[in-house]
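Worksheet: one structure, shown below.
The values are calculated or read from the model by the stated rules, or taken from the named source; none is laboratory data. What you see is a predicted model, and the numbers here were worked out from it, not measured in a lab. As a convention, Cβ positions derive from the backbone with ideal geometry for all residues, glycine included, and neighbour counts pool all protein chains shown.
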Amino acid sequence: MKRIRNIIIGIIVVCGLSSCGDIQEEMWLEKDGSGKLEYTIDLSEALPMLQMMMAMDTTQDAGGGDIVGKLFEEMGTDDIDSTMNFYEVAPDSIKDGSGNLTLEEVEDLKKIDMTVKANKASEQMLIKIGVDFTSFAEIDRLFSLMDKSDGGDENMAMMGEMFGDNDFGENYLFDSKGFTKSAGEEDAELGDMMDDASEEDMGMMEMMFGESKYVSIYHFPYKVKSAEGTNVKIDGNTVVSKVPFMEMMEDQQKAALSVKFKKKFLGIFEE
């Protein structure tokens with residue numbers, strides 16, 4: 001799955017050599033296939049390094065496209081709880097339509113939100129990327145805009161690397177009978193990266209991701225009858241899967257999930 005490789009690259013860029021926490025994918029689905037998707041990345045372990053990097057960085061982008069700078073400009077305070085959409089932080093060269101995006105695509109950047117929550121006392125930091133969608137294919141289209149619209153801005157480019165090459169429309173299926181998340185084709189580049197990794201490289205990845213889990217949470221509009229996947233738990237209309245991140249890097253099929261919904265008979269759910 002390309003998405004796993006992209007997230008790995010993005011986390012390495014953000015965290016440097018620090019260890020990282022869990023990566024969570026949470027989705028709320030409606031009966032018509034629309035919904036909301038939210039990625040949460042726990043960067044608590046990397047917070048000290050990020051604070052040091054920001055203290056050293058005195059540069060400012062006159063065009064106003066520095067996502068990290070704008071989100072963390074309050075890092076001197078005890079708490080941060082900041083949300084903005086990608087249109088707000090896009091460079092002027094993108095907003096005026098002179099970049100790689102059409103004006104209609106520029107407007108679509110407003111559908112992608114980024115939230116940062118940090119607490120200095122507890123040394124906790126979470127980054128969330130959220131998008132409202134009408135179909136799985138639209139998730140791919142919206143996230144691809146970040147990759148397409150970097151416009152020379154390092155932070156937009158970084159987010160594009162993490163989320164701009166997705167496969168929701170191809171690998172996610174949903175109807176009134178059930179939900180399927182396919183692992184898709186093996187990502188050859190990720191496979192090569194794992195095969196060619198030296199003992200030192202594997203040790204570094206173990207240090208960064210050894211305690212991390214890829215947590216998938218899906219909220220459905222129907223009651224769940226059964227679910228098959230890795231470490232799956234059912235709670236009413238919700239299915240949760242937790243896979244150790246290193247295991248998923250080594251075996252991408254562990255990301256797969258199959259859910260069946262309970263059927264209704266005379267308005268009553270069958271057991």
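For the stretch 65-116: of the residues being surrounded by fewer than 13 Cβ atoms within 10 Å (Cβ to Cβ) and of a type in the set (S, T, N, Q), which is modelled with the highest pLDDT?
Across the stretch 65-116, the extreme among qualifying residues is T102.
Determine which single condition A227 fails, assuming it passes every other condition in (1) under 29 Å from T134 (Cα atoms); (2) modelled with pLDDT of 65 or more; (3) among the aliphatic types (A, V, I, L, M); (4) within 21 Å of the chain's Cα centre (by Cα).
(4)
Take the residues in the stretch 242-271 that are under 15 Å from S216 (Cβ atoms), at pLDDT below 90 and not hydrophobic (A, V, I, L, M, F, W, C); name whichever of them is surrounded by the fewest Cβ atoms within 10 Å (Cβ to Cβ).
Across the stretch 242-271, the extreme among qualifying residues is Q253.
Working only within the stretch 128-140, note down all residues that are surrounded by fewer than 18 Cβ atoms within 10 Å (Cβ to Cβ) and modelled with pLDDT under 90. If you could, list the steps in order and put the result at the bottom.
First pass over the stretch 128-140, keeping only residues surrounded by fewer than 18 Cβ atoms within 10 Å (Cβ to Cβ): 128, 130, 132, 134-135, 137.
Within the stretch 128-140, just K128 meets the criteria.
I need the full set of residues from the stretch 243-253 which are in contact with a strand residue (DSSP E or B) (Cβ under 8 Å, 6 or more places away or on another chain), farther than 18 Å from F168 by Cβ and touching a residue at least 60 places away in the same chain (Cβ under 8 Å), in order please.
If the condition is that a residue be in contact with a strand residue (DSSP E or B) (Cβ under 8 Å, 6 or more places away or on another chain), farther than 18 Å from F168 by Cβ and touching a residue at least 60 places away in the same chain (Cβ under 8 Å), then F245 is the only one that fits.
Pick out the one residue from S198, S182, S212, S216 that is at pLDDT 90 or above and of a type in the set (S, T, N, Q).
On the way: S198 fails: at pLDDT 90 or above; S182 fails: at pLDDT 90 or above; S212 fails: at pLDDT 90 or above.
On inspection, the qualifying residue turns out to be S216.
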